[in-house]
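Read through the structure below, which is laid out as structure tokens, and then see the notes.
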Ligand SMILES: Cc1cc2nc3c(=O)[nH]c(=O)nc-3n(C[C@H](O)[C@H](O)[C@H](O)COP(=O)(O)OP(=O)(O)OC[C@H]3O[C@@H](n4cnc5c(N)ncnc54)[C@H](O)[C@@H]3O)c2cc1C
Ligand SMILES: Nc1ncnc2c1ncn2[C@@H]1O[C@H](COP(=O)(O)O)[C@@H](O)[C@H]1O
């Protein structure tokens with residue numbers, strides 16, 4: 001398990017020794033795009049990432065999974081402000097002629113869940129967030145969103161923006177052929193037209209470490225001791 | 001200070017607990033920053049207006065009710081346009097939403113319409129000079145970021161459970177308003193609300209969560225966990241991804257990095273190995289109990305109390321013991 005360290009500036013994560021990878025939900029989004037293309041038998045998949053040079057690795061991974069071309073919107077560091085990112089993505093996407101613009105439900109590092117729906121608003125496109133299932137037919141989509149203890153089904157026309165939850169499609173591993181092929185696919189680097197940044201991180205902290213590890217016994221015989229501890233020590237019973 | 005806005009979430013005509021949390025958070029922020037009124041918005045089908053009184057009890061001074069027969073289900077574009085119009089016209093310093101599934105859909109739409117940035121999933125909320133300051137767990141809860149938001153209005157979604165609803169006894173003035181756009185013109189159309197078992201507590205709200213993993217062997221054995229949950233009386237049942245992948249439990253029960261994040265007073269993990277993606281969803285629980293056959297299972301490293309052994313034998317005994325304890 002990765003234990004994060006806070007960098008010397010006190011407001012970012014120490015990146016030494018960290019391995020960068022595609023965010024979980026972006027893996028699902030890429031997979032959804034690939035399956036739609038396979039099902040339709042046509043289409044062109046562009047992957048876009050805003051960030052410094054390291055994001056090229058993520059873009060190459062998407063290309064090796066089967067995406068057709070990639071665009072890096074270059075910035076020195078990714079702002080924490082979702083609207084600033086959304087403005088840059090919207091500027092890149094507005095003339096793209098895309099039928100579908102897919103996002104992950106949430107990025108793992110910022111965990112903001114704002115970039116997708118903000119980009120949709122800026123582009124004036126219909127938007128569905130956190131789709132856990134998706135069907136597309138005749139230029140319309142039907143999707144499901146999980147709620148707390150419930151779910152809802154929504155319908156909307158394409159072109160549209162959809163943010164992808166887990167449950168639709170597990171990402172494939174790039175094949176060797178895919179990895180070789182990805183090297184020849186176009187990866188364009190452009191400066192990002194970032195919006196103004198109003199949301200910043202001023203400090204990062206690690207949550208208090210858990211002090212677990214106490215085994216109180218074996219088998220059903222340990223139950224009375226557990227109940228005693230839950231009552232007297234943890235006071236949850 | 002200027003007034004504060006709060007969005008009061010409803011589902012099937014009922015106020016959700018997070019609505020009371022949002023109004024409470026707005027009230028507390030207003031009180032801590034020199035006063036000002038709290039204005040709440042509630043949207044639904046005709047019949048939702050009487051809920052306004054309850055929002056007054058939690059600190060709303062004004063409740064705007066938008067009723068329309070086409071709004072029995074959450075209609076993202078209509079609610080976003082309506083909230084943006086009210087917030088834009090009201091001169092609010094801060095607008096509070098819930099970091100629920102609905103709030104996370106709604107707030108970024110409203111923020112982009114207003115051209116303002118927003119804070120997500122805040123576990124605290126303060127005004128500090130010309131900035132709104134919050135804490136927000138990032139990297140699946142492994143790091144807590146303190147964030148600073150400038151610009152007005154400042155939109156914030158509050159993490160469910162971060163603020164306990166507190167009564168403030170206001171007699172809210174109720175105003176009715178029309179949706180900002182014709183519901184029939186919405187491109188994104190809500191078709192169906194699939195209600196889960198409404199008698200059951202939501203995972204995010206239950207004080208006790210009893211979770212099962214692949215170690216339970218077959219789906220039928222989840223009955224043992226349901227019985228244990230029933231013995232507690234205030235518990236919900238969760239699962240690992242191994243379990244939801246198999247279809248033993250619905251995906252909505254999954255706890256972890258790509259599922260629900262929970263932080264109950266008591267979390268009981270039965271037949272769960274403790275993969276990092278699972279821990280990401282429950283590690284902030286106050287007390288953790290693990291039951292696992294394998295003494296080396298990683299779950300024991302973060303458990304306050306561990307029992308080594310067969311969950312299928314241990315859980316029923318625990319259920320009886322909890323029943324006894326509850327009697328006393
Ligand atoms: C991108 C990504 C996202 C993920 N997101 C999530 C997520 O959100 N949530 C999540 O849970 N997982 C997630 N996972 C999966 C995660 O890595 C693990 O595979 C999963 O949590 C394992 O589930 P488990 O503990 O039920 O199963 P296992 O790891 O198979 O563990 C079963 C455990 O049961 C024990 N056991 C067996 N029989 C008994 C018995 N009779 N009594 C007691 N104990 C017994 C075994 O000792 C073992 O420890 C994700 C993985 C990836 C790659
Ligand atoms: N820097 C970025 N470049 C490209 N896409 C991004 C970037 N940041 C966020 N996104 C997309 O927006 C989704 C939600 O991110 P967030 O709003 O940060 O939780 C991610 O899953 C990505 O699909």
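Among residues belonging to the stretch A:184-225 that are touching a helix residue (DSSP H, G or I) at 6+ places or on another chain (Cβ under 7 Å) and in a helix (DSSP H, G or I), point out the one that is farthest from the other protein chains (Cβ to nearest Cβ).
The extreme case among them is A:224.
Keeping to the stretch B:189-243, report how many residues are surrounded by fewer than 16 Cβ atoms within 10 Å (Cβ to Cβ), closer than 24 Å to residue B:161 by Cβ and within 16 Å of ligand 1 (Cβ to nearest atom).
The number of residues fulfilling the criteria is 0.
Taking the stretch B:149-167 on its own, how many of its residues are over 16 Å from residue B:281 (Cα atoms), crowded, with 18+ Cβ neighbours inside 10 Å and facing chain A (nearest Cβ under 10 Å)?
Number of matching residues: 5.
Among the residues of the stretch A:171-183 satisfying the criterion of being assigned to a loop (DSSP other than H, G, I, E, B) and buried (at least 17 other Cβ atoms within 10 Å of the Cβ), which is farthest from the other protein chains (Cβ to nearest Cβ)?
For the stretch A:171-183, the residue satisfying everything is A:174.
Give the residues of the stretch A:114-129 that are near ligand 2 (Cβ under 6 Å from one of its atoms) and either over 11 Å from the mean Cα position of the chain (by Cα) or closer than 17 Å to residue B:140 by Cα (or both), sorted by residue number.
Of everything in the stretch A:114-129, just one residue is near ligand 2 (Cβ under 6 Å from one of its atoms) and either over 11 Å from the mean Cα position of the chain (by Cα) or closer than 17 Å to residue B:140 by Cα (or both), namely A:114.
Just for strands (runs of 3 or more DSSP E) wholly inside the stretch B:84-131: which have at least 3 residues that are under 19 Å from residue B:63 (Cβ atoms) and away from every other protein chain (no Cβ under 12 Å)?
In the stretch B:84-131, the matching strands (runs of 3 or more DSSP E) lie at B:94-98.
So if I check each of A:132, A:111, which one is in contact with a strand residue (DSSP E or B) (Cβ under 9 Å, 6 or more places away or on another chain), assigned to a loop (DSSP other than H, G, I, E, B) and within 16 Å of ligand 2 (Cβ to nearest atom)?
Every option except A:111 fails the conditions.
Residues that are within 16 Å of ligand 2 (Cβ to nearest atom) and touching a helix residue (DSSP H, G or I) at 6+ places or on another chain (Cβ under 7 Å): does the stretch B:214-235 have at least one?
Checked the stretch B:214-235: no residue is within 16 Å of ligand 2 (Cβ to nearest atom) and touching a helix residue (DSSP H, G or I) at 6+ places or on another chain (Cβ under 7 Å).
Would you confirm whether any residue within the stretch B:186-197 is at pLDDT 95 or above and more than 8 Å from chain A (Cβ to nearest Cβ)?
Yes.
With respect to the numbered conditions (1) away from chain B (no Cβ under 14 Å); (2) at pLDDT 95 or above; (3) out of contact with any helix residue (DSSP H, G or I) (no Cβ under 6 Å at 6 or more places or on another chain); (4) within 29 Å of residue B:123 (Cα to Cα), which one is the sole condition not fulfilled by residue A:77?
Among (1) away from chain B (no Cβ under 14 Å); (2) at pLDDT 95 or above; (3) out of contact with any helix residue (DSSP H, G or I) (no Cβ under 6 Å at 6 or more places or on another chain); (4) within 29 Å of residue B:123 (Cα to Cα), the lone unmet condition for residue A:77 is (2).
Condition check ((1) outside any strand (DSSP E or B); (2) within 15 Å of ligand 2 (Cβ to nearest atom); (3) within 14 Å of another protein chain (Cβ to nearest Cβ)) across all residues:
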residue: A:11; (1), (2), (3): yes, no, yes
residue: A:18; (1), (2), (3): yes, no, yes
residue: A:38; (1), (2), (3): yes, no, no
residue: A:50; (1), (2), (3): no, yes, no
residue: A:71; (1), (2), (3): no, yes, no
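Got a sec? Which of A:147, A:134 is over 23 Å from residue B:72 (Cβ atoms), away from ligand 1 (no atom under 16 Å from the Cβ) and buried (at least 18 other Cβ atoms within 10 Å of the Cβ)?
Only one candidate passes the filter, namely A:134.
The values are calculated or read from the model by the stated rules, or taken from the named source; none is laboratory data. What you are looking at is a predicted structure, and each value in this text was computed from that prediction instead of being measured. Virtual Cβ from ideal backbone geometry, glycine too; neighbours counted across all protein chains shown.
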